[in-house]
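Asks: Just passing along the structure, written as structure tokens.
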Amino acid sequence: GVTIKAKATGPLLGTSVCMTGFRDAAMTDAIEEQGGAVKSGVSKTLTILVCKDPTSTSGKAQKARKYGTEVVGIDEMWTRLGGRP
């Protein structure tokens, strides 16, 4: 069957986050626990792009900046999430 998740609430409600250049299951869990959504790509609706190097000129980072998406480093994202688990 289909599991319906309880309505998410939290400081990241309505926030969509994409990680590029790394995969962090703990960060994914923390974002989702706080009401955010983890996306696999950059789109006009993406809120935050998390990069190993926030000054990156990768395709995803350039696209995010073009859309006005915030580009942050891993440490900055963990700070926003309330620290690493």
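The values are calculated or read from the model by the stated rules, or taken from the named source; none is laboratory data. Bear in mind that the values here come from a model prediction, so they are computed numbers and not experimental data. Note that we place each Cβ from the backbone using ideal geometry, even for glycine, and neighbour counts take in every protein chain shown. The accessibility values were calculated without ligands, DNA or RNA, using every heavy atom of the protein model including side chains. Shrake-Rupley method; radii C 1.70, N 1.55, O 1.52, S 1.80 Å.
Asks: State the number of lysine pairs found in the chain whose Cα atoms come within less than 23 Å, restricting to pairs 8 or more positions apart or on distinct chains.
Replies: Lysine pairs satisfying the spacing and distance rule in the chain number 13.
Asks: Can you pull the one-decimal nm distance between simple spin-label points at Ala25 and Glu70, each 7 Å off the Cα toward Cβ?
Replies: Label-label distance for Ala25 and Glu70, simple model: 2.8 nm.
Asks: Keeping every protein chain in place, order Leu13, Leu46 by accessible area at 1.4 Å, biggest value first, i.e. largest first. Walk me through the numbers on the way to the answer.
Replies: Working: Leu13 100, Leu46 10 Å².
Ranking Leu13, Leu46 by accessible area, largest first, yields Leu13, Leu46.
Asks: Taking a 1.4 Å probe, which of Ser58, Ser16, Ser40 shows the most accessible area, and what order do the others take after it?
Replies: In descending accessible area the options line up as Ser40, Ser58, Ser16.
Asks: Taking a 1.4 Å probe, which of Thr15, Thr57 shows the most accessible area, and what order do the others take after it?
Replies: Ranked from most to least accessible, the order is Thr57, Thr15.
Asks: If you don't mind, there's one more thing I want to ask. Which residue, Ala37, Ala26, Ala64, has the most motion in a Gaussian network model of the chain that connects Cα atoms within less than 10 Å?
Replies: Top of the fluctuation ranking is Ala26.
Asks: Continuing with this model, one more query. Taking Rh as the Kirkwood radius, which is the inverse of the mean 1/r over Cα pairs, what is the Rg/Rh value for the chain?
Replies: On the Cα set of the chain, Rg over Rh gives 0.98.
Asks: Further question on the same structure: Report, to the nearest whole %, how much of the accessible area of the chain belongs to carbon and sulfur atoms, 1.4 Å probe, protein only. Write out the running numbers ahead of the final one.
Replies: Values: 2730 of 5250 Å².
C and S fraction of accessible area: 52 percent.
Asks: For a quick check, take a GNM of the chain with Cα springs below 10 Å and name the residue from Gly21, Gly35, Gly73 with the largest mean-square fluctuation.
Replies: Highest fluctuation of the listed residues: Gly21.
Asks: Using protein chains only and a probe of 1.4 angstrom, how many square angstrom of Lys60 are accessible, to the nearest 10?
Replies: The value for Lys60 is about 70 Å².
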